[in-house]
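Worksheet: the structure to be examined is printed underneath.
We did not get these values from a lab; they are worked out from the coordinates using the rules stated. The shown structure was predicted, so the numbers you read here are calculated from the model rather than taken from an experiment. Note that we place each Cβ from the backbone using ideal geometry, even for glycine, and neighbour counts take in every protein chain shown.
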Amino acid sequence: DAGITQSPRHKVTETGTPVTLRCHQTENHRYMYWYRQDPGHGLRLIHYSYGVKDTDKGEVSDGYSVSRSKTEDFLLTLESATSSQTSVYFCAISGGGSKVYNEQFFGPGTRLTVL
Amino acid sequence: RKEVEQDPGPFNVPEGATVAFNCTYSNSASQSFFWYRQDCRKEPKLLMSVYSSGNEDGRFTAQLNRASQYISLLIRDSKLSDSATYLCVVNPIYNQGGKLIFGQGTELSVKP
């Protein structure tokens, strides 16, 4: 399995509070992604990174920001959490020398509940 | 129309059965295709990349039909452990680290 960890694994927070989720990889992969998964929607891309300090928006980026100050860490921040951001968040990585570069490998996920 | 569409199932099959899933995609320029498996409350895991000529990995066979814009996954001799949700995934533009589009998944339940 790819060396990807996410922290925290579970979090309950209140509406209006800031929340930061961390994704850490030990694979030296160039690309990193944040997804959310909700019933009826499947996996949807929030933000992604194509290198240190290089990030771009996905299809559901409103209300989220990201930062990548070093190759191994990709942070997702909810500046002011809302109940609609209750979801399971997955981090993924790609671009590490596999035959097909855009194969992505996922972390274990973070279950976030916003009350 | 969704970019990637799958029959959500569930598919309920007995052990030993052969089961096939189909997936359609809307962007004819799509370049890369994958099947992922996701167990309940776990992360998606890559099952197979789908190559233009079709490919096989043990009991699993993936096919790509570009003319009709669909991808299929065939599972032979189903095992109880095959019970999971199978995600069809498409990269609409070929590039390294390209964004992927996920279908909502097809649920498979294999019964004794």
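What the table below lists for this structure:
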quantity	calculated
Cα radius of gyration and Dmax for the protein assembly as shown (Å)	17.6, 51
Cα-based reach from B:LYS111 at 15 Å (exclusive), listing aspartates and glutamates while leaving out same-chain residues under 8 positions away	B:GLU15, B:ASP77, B:ASP82
Exercise: per-residue mean of other protein chain Cβ atoms within 10 Å, A:17-30	0
Residue among B:VAL90, B:VAL13, B:VAL50 with the largest mean-square fluctuation in a Gaussian network model of chain B, springs linking Cα atoms under 10 Å	B:VAL13
Fluctuation leader among B:LYS79, B:LYS99, B:LYS42 - chain B, Gaussian network, Cα springs under 10 angstrom	B:LYS42
Charge dipole of chain B about the Cα centre (unit charges at C-beta), most positive-ward option of B:PRO112, B:LEU64, B:SER30	B:SER30
Fraction of the pair-distance distribution of region B:49-95 above 13 Å, Cα-Cα pairs, percent	64
Ellipsoid equivalent to region B:28-112 - semi-axes via the Cα gyration tensor, in Å	23, 15, 10
DSSP beta bridges in the protein assembly as shown [antiparallel fraction, %, rounded to 5]	90
Segment A:ASP73-A:ARG9, extension gain: residue separation times 0.36 nm, minus the distance between their alpha carbons	21.5 nm
Packing-based exposure ordering (other Cβ within 10 Å, fewest first) of B:LEU46, B:LEU87	B:LEU46, B:LEU87
For A:43-51, mean number of other protein chain Cβ atoms within 10 Å	3
Residue order, fewest to most surrounding Cβ atoms within 10 angstrom, among B:ARG41, B:ARG66	B:ARG41, B:ARG66
Of A:LYS11/B:LYS2; B:LYS42/B:LYS79; A:LYS70/B:LYS45; A:LYS53/B:LYS2; A:LYS11/A:LYS53, pairs whose Cα-Cα distance is over 23 Å	A:LYS11/B:LYS2; A:LYS70/B:LYS45; A:LYS53/B:LYS2; A:LYS11/A:LYS53
Vicinal HN-Hα couplings computed from phi for region B:20-25 (Karplus, 6.51 cos²θ - 1.76 cosθ + 1.60; Hz; Gly/Pro x)	10, 10, 10, 8, 10, 10
Nitroxide proxy distance, nm - points 7 Å out along Cα→Cβ at B:GLU15 and A:ASP54	5.1
Listed residues A:GLY42, A:GLY51, A:GLY95, most fluctuating in chain A (Gaussian network, C-alpha, under 10 Å)	A:GLY42
Distant alpha-carbon pairs in chain A (separation over 18 angstrom), percent	45
Other protein chain Cβ atoms within 10 Å, averaged over every residue that makes up A:83-92	1
Distance in nm between pseudo-label sites at B:SER26 and A:THR86 (7 Å out along the Cβ direction from Cα)	2.9
Alpha-carbon centroids, region B:62-83 and region A:16-88: separation in whole Å	30
Spacing of the two label points (7 Å from each Cα toward its C-beta) at B:LYS45 and A:ARG111, in nm	1.9
Gain in span if fully extended, B:SER52 to B:LEU80, counting 0.36 nm per residue against the direct Cα distance	7.1 nm
